[in-house]
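Let me begin by presenting the structure, written as C-alpha cells, before commenting on it.
The values are calculated or read from the model by the stated rules, or taken from the named source; none is laboratory data. Every value quoted in this text rests on a predicted model; they were computed, and no experiment measured them. All Cβ positions, glycine included, derive from the backbone under ideal geometry; neighbour counts span all protein chains shown. To get the accessible areas, we keep the full protein, side chains included, count just its heavy atoms, and leave off ligands, DNA and RNA. Shrake-Rupley method; radii C 1.70, N 1.55, O 1.52, S 1.80 Å.
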Amino acid sequence: MTAAGPGRDPRYDLLFEPLRIGPVTARNRFYQAPHCNGMGRNYPTPMAVMRGIKAEGGWSVVCTEQCDIHYSTDNPRNVRLWDEGDIPALARMADAVHEHDSLAGILLAHNGYITPNSISREIPLSPSGGTAFGMYPVHTRAMDKSDIAAFRRWHRNAALNARKAGFDLVIVYAGHDLALPMHFISRRHNSRTDEYGGPLENRARLLRELIEDTKEAVGDTCAVGVRLSVDELLGDQGITCEGEGREVVEMLAELPDLWDVNISRWQNDSATSRFQAEGYQERYVSFVKQVTTKPVVGVGRFTSPDTMASQIRRGILDMIGAARPSIADPFLPRKIEEGRTDDIRECIGCNICVSGNYMMAPIRCTQNPTMGEEWRRGWHPERIPPKDTDDRVLILGAGPAGLEAACALGQRGYEVVLAEAGRELGGRVARESRLPGLAAWARVRDHRLHRLQGMPNVEVYLESELGAGDVREAECSLVAIATGARWRRDGIGRHLREPVPGSESARVLTPDDIMDGVAAEGPVVIYDDDHYYMSGVLAEKLRAEGHAVTIVTPAASVADFTQYTLELNHIRRRLFEIGVEIVPFHALASVGEGTVDLASIFTGAVKTVECRSTVMVSAPLPSTALHDALAADAAALERAGIRRVVAIGDCRGPGTIAAAVFSGHAFARELNVGLQDEAPFLRENVELHPTLHGPE
Ligand code: ADP
Ligand code: SF4
C-alpha cells in the first residue's frame, strides 16, 4: 500500500493501492476510461496535453479514445493507427502520460457497420452484410474468411505500432455496438453459418482470436485489455448480463489481463444525470469479478470517493473507470489523495463534453472551462497566473459566468466584488436545477460557492441590484456584466421573425415565469423553437402538475440538439411515456382565448388547438440594459476610474451553461473577452505533403 498523503482519509487508502495488470503496474485505482474528445487525429498535440494533465491529476491509467486501426474503419473523430506513419502523433500522447508516471492505454477499434467510411469510400464491413448505421445510403459487405484474416492482421499490426508509440496497455474493443468483435458476438448482426456464426462460442471466436493475437504480439511488455459491453439493455433482442454477456466473460475469463466492462450503446453507457444516478452500471457489471481473477474496471459517472471506495471494498470493481468525472476534474484522484475531497469539481452529467465530439469540435465541459484549452490557450485546470494588474473588479450577477469569473479572479489574487440582484446565488443554474431531472446541475454553483468560501479577497453581496450610478460609485476599475438572459415572450426564434399575435396576453408564459413559480393553466401548449432540454423538462414539470401538455415545434421532433448529448431517445421515450403530445413541423400562428392557432411550416395550413397557457421556449434575450447604459457614457466611466466594462456569459451571448462558465473564466484570465485581430489560441497546422502531385 502507498503511504497515505498528508491529509488522506484512510477510508480511501484502498483507492491508492497499486494494481498489477499483466506485465505492467498501475500506481493506483484511477483509470481514465477511453473517451472521445473531438480532437482525435485532427488535433494531436491538444489531445496529448489534455491526456497528460489527467496523468498529472493522478489517473494512473490514461487511455485514448477509439483508435482506428485501418482505413476500412474511417471515423475522423477518432485517433488513428493505420500504419507507422501515425505513430508520432500517438507517441506524443504516450509521452505526455508517462511524464507523470501513469500508464498509457490505447483502444484499438474497428467500427464495422457503424462507420459509413465517407472519407476512405470503402464499403463498411460486417459479419453478415446488411445496412450500415444511421441515415446514410450505405450498406455493408459481409466479411469472408480472407477479410477476417486481414482484419486480424491489421489489428495485430496496430498493436505492434501501439507498442512502438509507447503504449503500456492495448485494449481490444468489443463495446457499445461500435466494434466488429461485438458485432460478431451479437445475434442481431451475425447470421453466419461458418465457424464464426451460430453458437456463442463461434460468435465470440473473433474476440478470442484478437486477444490471443494481441497477447502474442505485444503481451510480453504490454498489458492486453478487453473493453466489452455486457448488456445492451435490449432484453432478448441483445446481449444481457444474465445471458450471453456473462457467458462471453466466463468463456474468456483468464485470457486478457484486464476486463473493462460496461453497458451498450453509448447513450446508455454515458447516461446523463437526468436519466441515471451515479453508479448506475453496478447491477450489470457486478458479476464480472465473480467469474474472472483478472482486474476489472467499470464506469458509472463516479464522483464520490465513498462510492468509489465502496465499489472496490465490495468487490464490484478493481479500478474506478471514469471519463466524464475525469473531464470535469482531471485532478480528482489527487484531491482525494491530498484529503481535499470537498474541492472535487463534480461532473454534472450533462454530456456537453460529448456534444463537442459530434460537432467535430474539441471537447468542452460545463464544469471545467479549461477542458480542451490546455494546449491551445495554455489553461491548466488547477493553476492560473497570479494577478498582473492592480484592478479591483466588480462583477454584476452571480450566475455561472459571474461565479466562475469571481472564483478565477479570486484565485489570481484580485480584489473582487460580486453583486447579485436576487436572494440566491447561482443564476440560471440555481433556477434550472429545480426543474425535473436537473438537480445535479446545481453542482456548477455549489463547487464555486465552496471555492469562494476560502477567498477573503472576494466580497459577495446578495439582493444588490446595481444600476449604472451604483457601478460608477463602487470604486472598481474593471466591471464584468454577468446579468444573464431572460426568455423572450413573443415567440421570435429560429423560425418566427415577427412576434406571434396575441403573445402579449397574460396566458403566455416563459420558462422564467414557470421557474419563478407562476402557475400555468391546462391544457398547456409549449412552443419549442429552442431544440434543447428546456421544453422537455417543462413538459415533465407541467405533466406532473396534472396538465395536458402539447409541444409544438417547427422541427421534425423535440430536443434535436440532444442527439449530441446522447439524450434524444431517452427524452422522446419519456415524453411518450408521460403522455405529452408532440406536433412537429408547426409554428405558432396566434394565441387566442382558450386556443392557439398552429401553422404548418410547409403549407401554412392552420389548425386550432385548445390551450389555456402557452409557454414560449423560443429564444433567450441577453439582459444588456446595464451594460449598454454604462457603455453609453464613456466620460462618466473615466471619471469613475473604470477602464473597461465587459459583458460576459449569457449577457454577452446566450447559450449553454458551459459557454457561460467558459466566458467567465476567459474574462478572469484575460481581463477581457472582446474580439481581437489575432486568434487568442494556438493552432496546429496540418503538415503539407512535400509534393503537390499525387500518385501518377
Ligand atoms: P450567466 O449564465 O451568464 O451566468 P444567469 O442568467 O445565470 O447568467 O445569471 C445572471 C444573474 O445576474 C442572475 O442571478 C440575476 O439575478 C443577476 N442580475 C441581473 N441584473 C443584475 C444587476 N443589475 N445587478 C446584479 N445582479 C443582476
Ligand atoms: Fe460532466 Fe457535463 Fe463536464 Fe461532461 S460536460 S464532464 S457531463 S460536467
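Across segment 352-368, the number of residues qualifying as open to solvent by 10 Å² or more (accessible area, probe 1.4 Å) and part of a loop (DSSP other than H, G, I, E, B) comes to 6. In the set R334, R340, only one residue is over 22 Å from H35 (Cα atoms) and in contact (Cβ under 8 Å) with a residue 60 or more places away in the chain; that residue is R340.
Looking only at segment 364-380, residues that are more than 8 Å from ligand 2 (Cβ to nearest atom) and either aliphatic (A, V, I, L, M) or within 18 Å of C407 (Cβ to Cβ) (or both) come to 6 in all.
Scanning segment 385-393 for any residue that is open to solvent by less than 30 Å² (accessible area, probe 1.4 Å) and more than 30 Å from Q267 (Cβ to Cβ) turns up at least one such residue.
Just for helices (runs of 4 or more DSSP H) wholly inside segment 387-456: which have at least 2 residues that are near ligand 1 (Cβ under 9 Å from one of its atoms) and touching a residue at least 40 places away in the same chain (Cβ under 8 Å)? Show your work before the answer.
On the way: elements: 400-412, 427-432, 443-453.
Once the helices (runs of 4 or more DSSP H) in segment 387-456 are filtered for at least 2 residues that are near ligand 1 (Cβ under 9 Å from one of its atoms) and touching a residue at least 40 places away in the same chain (Cβ under 8 Å), what remains is 400-412, 427-432.
Considering the conditions (1) under 25 Å from D236 (Cα atoms); (2) surrounded by fewer than 23 Cβ atoms within 10 Å (Cβ to Cβ), R153 is excluded by exactly one of them, (1). Any residue that is away from ligand 2 (no atom under 16 Å from the Cβ), closer than 20 Å to L566 by Cα and open to solvent by less than 20 Å² (accessible area, probe 1.4 Å) - is there at least one of those in segment 418-441? Yes - at least one qualifying residue is present in segment 418-441. If you check R29, R11 for being basic (K, R), crowded, with 21+ Cβ neighbours inside 10 Å and touching a residue at least 12 places away in the same chain (Cβ under 8 Å), only one passes: R29.
Taken over segment 511-531, the criterion of being touching a helix residue (DSSP H, G or I) at 6+ places or on another chain (Cβ under 7 Å) and either modelled with pLDDT under 95 or open to solvent by less than 20 Å² (accessible area, probe 1.4 Å) (or both) is satisfied by P511, I514, A520, V524, I526, D528. The residue pairs whose first member lies in segment 72-83 and is more than 13 Å from N117 (Cα to Cα), whose second member is charged (D, E, K, R) and open to solvent by 10 Å² or more (accessible area, probe 1.4 Å), and whose beta carbons are closer than 9 Å, counting only pairs six or more residues apart or on different chains, are V79/R41; V79/D86; R80/R41; R80/D86. Scanning segment 218-237 for residues that are open to solvent by less than 10 Å² (accessible area, probe 1.4 Å) and of a type in the set (G, A, S) yields A223, G225, S229. For segment 496-510, state whether one or more residues are open to solvent by 40 Å² or more (accessible area, probe 1.4 Å), assigned to a loop (DSSP other than H, G, I, E, B) and closer than 25 Å to A660 by Cβ. Within segment 496-510 (the criterion being open to solvent by 40 Å² or more (accessible area, probe 1.4 Å), assigned to a loop (DSSP other than H, G, I, E, B) and closer than 25 Å to A660 by Cβ), the answer is no, since none of the residues qualifies.
Tell me which helices (runs of 4 or more DSSP H) are completely within segment 265-351 and hold 2 or more residues being surrounded by fewer than 19 Cβ atoms within 10 Å (Cβ to Cβ) and either within 16 Å of ligand 2 (Cβ to nearest atom) or not aliphatic (A, V, I, L, M) (or both), or say none if there are none. Even if it seems obvious, please write down each step before you answer.
Working: elements: 266-269, 282-285, 288-291, 305-313, 324-328, 332-337.
Fully inside segment 265-351 and qualifying: 282-285, 305-313.
Determine if segment 62-82 includes at least one residue that is open to solvent by 30 Å² or more (accessible area, probe 1.4 Å), more than 29 Å from Y31 (Cβ to Cβ), out of contact with any Lys or Arg (no Cβ under 7 Å at 6 or more places or on another chain) and not acidic (D, E). Yes, because at least one residue in segment 62-82 is open to solvent by 30 Å² or more (accessible area, probe 1.4 Å), more than 29 Å from Y31 (Cβ to Cβ), out of contact with any Lys or Arg (no Cβ under 7 Å at 6 or more places or on another chain) and not acidic (D, E).
A count restricted to segment 532-571 and to residues that are under 24 Å from A430 (Cβ atoms), assigned to a loop (DSSP other than H, G, I, E, B) and touching a helix residue (DSSP H, G or I) at 6+ places or on another chain (Cβ under 8 Å) stands at 5.
Restricting to segment 253-264, count the residues that are more than 28 Å from the chain's Cα centre (by Cα) and crowded, with 22+ Cβ neighbours inside 10 Å. Of the residues in segment 253-264, 2 are more than 28 Å from the chain's Cα centre (by Cα) and crowded, with 22+ Cβ neighbours inside 10 Å.
Quick one: is V583 over 28 Å from G349 (Cβ atoms) and open to solvent by less than 70 Å² (accessible area, probe 1.4 Å)? Criteria met by V583. Condition first: part of a helix (DSSP H, G or I), in contact with a helix residue (DSSP H, G or I) (Cβ under 8 Å, 6 or more places away or on another chain) and modelled with pLDDT of 95 or more. Can you find one or more residues in segment 217-226 that meet it? Yes, segment 217-226 has at least one match.
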